[in-house]
């Protein structure tokens, strides 16, 4: 793990799972609504439609924002859970839970500390409006919200990673992507970005811990965003 | 001036002249460099190339970010002021003065107060990287940075104003544009946005005050961003 720390100008963050706890937030919302279904299962079912939906959009050469994809998946999941009767206004309200996701306990402090030395931005497949409302709700101190929507391509398309470097007029090697997903980091690394893995063992719930072992290919490995800030001297 | 205040969801701000003092900031930078030219005249000459450069880009159907246009204009202005000898590194550094513009005294407080009730974003012809560095430098508390770069069109193209509404998935009538320029507000109004004029009499320097009389067509008229916040109940 070589660390050309002085070269970093921008730290870009994956958001769902890395900065915010989508599973816990969606689960709690579903439980609050008293729908009579398992909130954890519902959250995972909803999220599991995410990658296929984006892949389909990319394969068709379309551009559709994530709010719309989330809604399409939600309608399917509601049917699967026997909740077909949910009214339109309630569906719309539930779909916006992705705008109100809660941060992990270290996220706000970690981002703020990184912001003292670097430009700290999002690089999420969430649309700009979703990310802006989430940041306002959760108090995420982004210097700049960047989204797949800026580049009209979903991660892991190279245009997204290279787009961060272009936006700030720096070489890709001066951008670090921080994410809780090795696949995202792998795609960023292929574009020449530095990478930081953030451990989020309970992204899918405390009952379904995921492995968070280090991969040597990543520039840094951190147990939290605060840990990453510390490693980067913030 | 009718004021459907409860309907407003987003307040989008023009930036150069409205939120930051480009004239004073560029003038002071030029004076600091001791180039032996009049800083105020230099600033105005540089800025005067701005509208024609964007118009040319739009007429050609191109997309070129403002940093690049600023640099082209700078090279011409340096020649006009007899400063052809300036080295490349110094030109590059000077061109980035637009990333370091100072806010008007009321801007940070005004934006923060508006942010307690509304989504507060930029809508500037400055590129995203420029706006993000400026926000960091000046402490501008944007919820979201939106730029002509998001829409690949410069204001006053309708795609920019309507793009704000689309980004946040609201009707144009729930977006208010705040600007110190009636032409910008006029174009926004044609797209169905609400408008707020902000008085900046010294945008072009204290020696060249500009008229700031109210236009009845604007939804609101404010002497500052803090005044706007007060009028909107923040």
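The values are calculated or read from the model by the stated rules, or taken from the named source; none is laboratory data. Just so we're clear, the structure is a prediction, and the values are computed from it rather than from any experiment. Glycine gets a Cβ as well: all are built from the backbone with ideal geometry, and neighbour counts include every protein chain shown.
Criterion applied to A:163, A:205, A:173 was being surrounded by 19 or more Cβ atoms within 10 Å (Cβ to Cβ) and touching a helix residue (DSSP H, G or I) at 6+ places or on another chain (Cβ under 9 Å), and the one residue passing it is A:163.
Within region A:208-225, the residues that satisfy the criterion of being touching a residue at least 12 places away in the same chain (Cβ under 8 Å), surrounded by fewer than 17 Cβ atoms within 10 Å (Cβ to Cβ) and more than 17 Å from residue A:44 (Cα to Cα) are A:212, A:214, A:215, A:216, A:217, A:223. Scanning for something surrounded by fewer than 19 Cβ atoms within 10 Å (Cβ to Cβ) and touching a residue at least 40 places away in the same chain (Cβ under 8 Å), does region A:13-26 turn up at least one residue? For region A:13-26, residues surrounded by fewer than 19 Cβ atoms within 10 Å (Cβ to Cβ) and touching a residue at least 40 places away in the same chain (Cβ under 8 Å): absent.
Scanning region B:53-73 for residues that are free of Cβ contacts under 8 Å to residues at least 40 places away in the same chain and under 16 Å from residue B:16 (Cα atoms), we see that the one that is surrounded by the most Cβ atoms within 10 Å (Cβ to Cβ) is B:70. Test residue A:117 against the criterion of being under 20 Å from residue A:53 (Cβ atoms), touching a residue at least 60 places away in the same chain (Cβ under 8 Å) and surrounded by fewer than 19 Cβ atoms within 10 Å (Cβ to Cβ), and give yes or no. Considered against the rule, which asks whether it is under 20 Å from residue A:53 (Cβ atoms), touching a residue at least 60 places away in the same chain (Cβ under 8 Å) and surrounded by fewer than 19 Cβ atoms within 10 Å (Cβ to Cβ), residue A:117 comes out as no.
Applying the criterion of at least 3 residues that are within 14 Å of chain B (Cβ to nearest Cβ) and within 20 Å of residue B:128 (Cα to Cα) to the strands (runs of 3 or more DSSP E) found wholly in region A:102-194 leaves A:119-124, A:144-147.
Yes/no per residue for (1) assigned to a helix (DSSP H, G or I); (2) outside the structural domain of residue B:149 (by TED's automatic domain parsing):
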site: B:12; (1), (2): no, no
site: B:45; (1), (2): yes, yes
site: B:53; (1), (2): yes, yes
site: B:58; (1), (2): yes, yes
site: B:64; (1), (2): no, yes
site: B:67; (1), (2): yes, yes
site: B:74; (1), (2): yes, yes
